[in-house]
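The values are calculated or read from the model by the stated rules, or taken from the named source; none is laboratory data. Keep in mind the model is a prediction, meaning the values are calculated, not measured. Glycine also receives a Cβ, built like all others from the backbone with ideal geometry; neighbour counts cover every protein chain displayed. Quick note on the areas: whole protein, heavy atoms, side chains included, nothing else; ligands and nucleic acids left out. Shrake-Rupley method; radii C 1.70, N 1.55, O 1.52, S 1.80 Å.
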Amino acid sequence: MTTNRSVWQATATIPEYGAIAGDQHCDVLVVGGGVIGLTTALYLQQEGTDVVLLEAARIGARTSGNTTGKVTSQHGAIYANLVDRHGRHKAEQYASANQGAVDQIALLVDRLGIECELTRGPSFVYSASNLQREADVAWDLGLPAQLAEPDETGLPEQGTSAVRFDDQVMLHPLRYLAGLARAFVEAGGRIHEHSRVTELDASDGRVEALTAVGPRVSAAHVVVATLLPIGTVGGYFARTRPNQSHGIAVRLPVEAPATMTISADAPVRSTRPWPGGGPNGLIVVGAGHETGAEQDTDAAYRSLIDWVGSLWNTDAQPDYRWSAQDYSSPDLLPYVGRAPGSPILIATGMNKWGLTNGTVAAGILRDTILGRDNPWSELYDARRIGDARAVAELVKDNLKVGKEFATGHLSRILGRGLDHVEVGEGGLYDLDGKTVGAYCDHDGRLHTVVPVCTHLGCPLRWNQGDTTWDCNCHGSRFTPDGSVLDGPATTSLAKPDN
Ligand SMILES: Cc1cc2nc3c(=O)[nH]c(=O)nc-3n(C[C@H](O)[C@H](O)[C@H](O)COP(=O)(O)OP(=O)(O)OC[C@H]3O[C@@H](n4cnc5c(N)ncnc54)[C@H](O)[C@@H]3O)c2cc1C
Ligand code: FES
């Protein structure tokens, strides 16, 4: 029986923190309790800064708690590409920042005594093409890289060429985040879960945040670490793309490879051992696509199961399956720092490598707030998106596009009535000539919504594999009853009139 939940969410105890109950003041407000928000909050609190962290759901509930748990500077076969696009100096900075983050995370785990199954070992990227140049470039940039024999990966089929990075790290990401949260609170920090920020007002020298539960927080600085900045902050929604990937945890008929592996060729398959699954336990992540763009998300899970089946000649079904999303920037470098023309600090565009990139980001955010130099702030500069005027234009154009897109899509909708919704099924249905989104849960309850995104009005697509409403415009996702799961959106979907 497969559980629709990540293996990490099913096997971690997360400390619970109450929702915000009254107005608060602090030096720094951090919005978002993923790896970036928690690391930034901890760094600042440890420096004597008074920090409040507001989390819409639970600590680690979204992308950071649903990753592959690889802490590595090997981000696929990217280094030759980075040199070609950005030159050797920037590529070397990226390599050094991320290799440094591997060691920094291991140090935090050790110093804070976090029990998160941390192990060190090699990580491989493999391809049907020759990776000699990738190996040479990575080595030249100072990374622990060398060309390897493909069979060193431990996979039965692994292309014809591979690059090995030595001494990389894997861990239980949610237990790691729980450890950061505990350390932050022990240092005097305040966390409030179930406290979604709906508005930020940065007009009078301080920043004021309004929460969905009512109280406000006033802070000298605010860090928006919400995967993608909420609302229209900085215009980043228009310069990034949301990509969803799927994961399974499965028991093989034989011992699983002890290595971390990732394919350089599409379709991407990323593997690592699943310690909780015993010696045969394997985690496979891949089948990526733009959020809200896939007609059949169940097929994404099937493709991972089929891949395992064909490599190990098994029909084993996964114990767990899950999905998560992340954003990529056009130049493949994260955006970190102050948004253009704004005192608000942001971090986004981690391109599915946010455990290390996000730890680098936390250092940049801390140093920016404390007025210190940081060696990586220029490389990740959030203001390279454009100046304040360019961002304002970007936001205006996208407001228009969202509305036009919605009108076009809704006029193309099917004509089945709500009495056609089968148990366990969802989609778009007709209600007295109007289009509604509906899902019938396994208890036979019908959940209906207006299937229009509350961010900028784009149409939503039903994701049957994960039973969510997904927006392809900028990646907002909603539960069947319309609550926000991921956003730039900050408000729930509307309910149909009748
Ligand atoms: C399938 C998958 C596997 C991955 N595997 C790896 C890996 O092995 N190694 C690696 O380095 N990277 C990996 N990544 C990338 C990495 O997980 C992300 O880059 C990273 O987790 C992003 O962290 P974050 O803190 O920005 O986001 P999140 O973890 O999503 O945290 C943002 C938090 O903000 C909260 N929030 C949102 N809106 C509001 C609001 N309005 N008010 C208050 N709170 C709000 C959310 O609830 C959430 O908890 C993977 C990504 C995916 C999709
Ligand atoms: S996320 Fe922007 S319109 Fe849906």
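Just a few scattered comments:
- Considering residues of the range 444-489 that are more than 29 Å from Ile248 (Cα to Cα) and within 15 Å of ligand 1 (Cβ to nearest atom) only, the residue least open to solvent (accessible area, probe 1.4 Å): His455
- Residue pairs whose Cβ atoms lie under 7 Å apart, sitting 6 or more positions apart in sequence or on different chains, and linking a residue in the range 369-387 that is open to solvent by 80 Å² or more (accessible area, probe 1.4 Å) to a partner that is of a type in the set (Lys, Arg), are Arg383/Arg338.
- Residues within the range 1-38 that are closer than 28 Å to Arg302 by Cα, in a loop (DSSP other than H, G, I, E, B) and either within 16 Å of ligand 2 (Cβ to nearest atom) or not β-branched (Val, Ile, Thr) (or both), tallied: 6
- Any hit, the range 238-250, residues being basic (Lys, Arg) and either assigned to a loop (DSSP other than H, G, I, E, B) or closer than 27 Å to Gly22 by Cβ (or both): yes
Every residue, every condition in (1) buried (at least 24 other Cβ atoms within 10 Å of the Cβ); (2) in the same structural domain as Gly231 (by TED's automatic domain parsing); (3) within 23 Å of Trp8 (Cα to Cα), yes or no:
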{"residue": "Ser310", "(1), (2), (3)": "no, no, no"}
{"residue": "Ala316", "(1), (2), (3)": "no, no, yes"}
{"residue": "Arg321", "(1), (2), (3)": "yes, no, yes"}
{"residue": "Val336", "(1), (2), (3)": "yes, yes, no"}
{"residue": "Ala339", "(1), (2), (3)": "no, yes, no"}
{"residue": "Ile364", "(1), (2), (3)": "yes, yes, no"}
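- Taking the range 223-243 as the range and being more than 13 Å from ligand 2 (Cβ to nearest atom) and at pLDDT 95 or above as the test, the residues that pass are Val223, Val224, Ala225, Asn243.
- Identity of the residue in the range 333-358, within 19 Å of Ser73 (Cα to Cα) and among the polar types (S, T, N, Q), that ends up farthest from ligand 2 (Cβ to nearest atom): Thr356
- Cβ-Cβ contacts under 7 Å between residues 6 or more apart (or on different chains), taken from a first residue in the range 480-491 that is free of Cβ contacts under 8 Å to residues at least 24 places away in the same chain to a second residue that is away from ligand 2 (no atom under 11 Å from the Cβ), are listed as Ser483/Ser492.
- Identity of the residue in the range 134-166, open to solvent by 60 Å² or more (accessible area, probe 1.4 Å) and in contact (Cβ under 8 Å) with a residue 60 or more places away in the chain, that ends up farthest from Ile283 (Cα to Cα): Glu152
- Residue match in the range 416-424 (condition: at pLDDT below 95, within 16 Å of ligand 2 (Cβ to nearest atom) and either over 21 Å from the mean Cα position of the chain (by Cα) or surrounded by 22 or more Cβ atoms within 10 Å (Cβ to Cβ) (or both)): no
- Output for the range 426-439, where each listed residue is open to solvent by less than 10 Å² (accessible area, probe 1.4 Å) and either free of Cβ contacts under 8 Å to residues at least 12 places away in the same chain or among the hydrophobic types (A, V, I, L, M, F, W, C) (or both): Val436, Ala438
- Flag for Glu92 being open to solvent by 50 Å² or more (accessible area, probe 1.4 Å) and within 21 Å of Tyr380 (Cβ to Cβ): yes
Residues checked against (1) more than 16 Å from ligand 1 (Cβ to nearest atom); (2) out of contact with any Pro (no Cβ under 9 Å at 6 or more places or on another chain):
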| site | (1), (2) |
| --- | --- |
| His75 | no, yes |
| Arg85 | yes, yes |
| His89 | yes, yes |
| Gln93 | yes, no |
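- Unique match (being open to solvent by 10 Å² or more (accessible area, probe 1.4 Å) and among the hydrophobic types (A, V, I, L, M, F, W, C)) among Val250, Val254: Val254
- For the range 220-237, the set of residues classified as of a type in the set (Gly, Ala, Ser) and in a loop (DSSP other than H, G, I, E, B) consists of Ala225, Gly231, listed by residue number.
- In the set (1) among the aromatic types (Phe, Trp, Tyr); (2) more than 30 Å from Ser129 (Cα to Cα); (3) open to solvent by less than 10 Å² (accessible area, probe 1.4 Å); (4) away from ligand 1 (no atom under 12 Å from the Cβ), Tyr79 fails one condition alone, (2).
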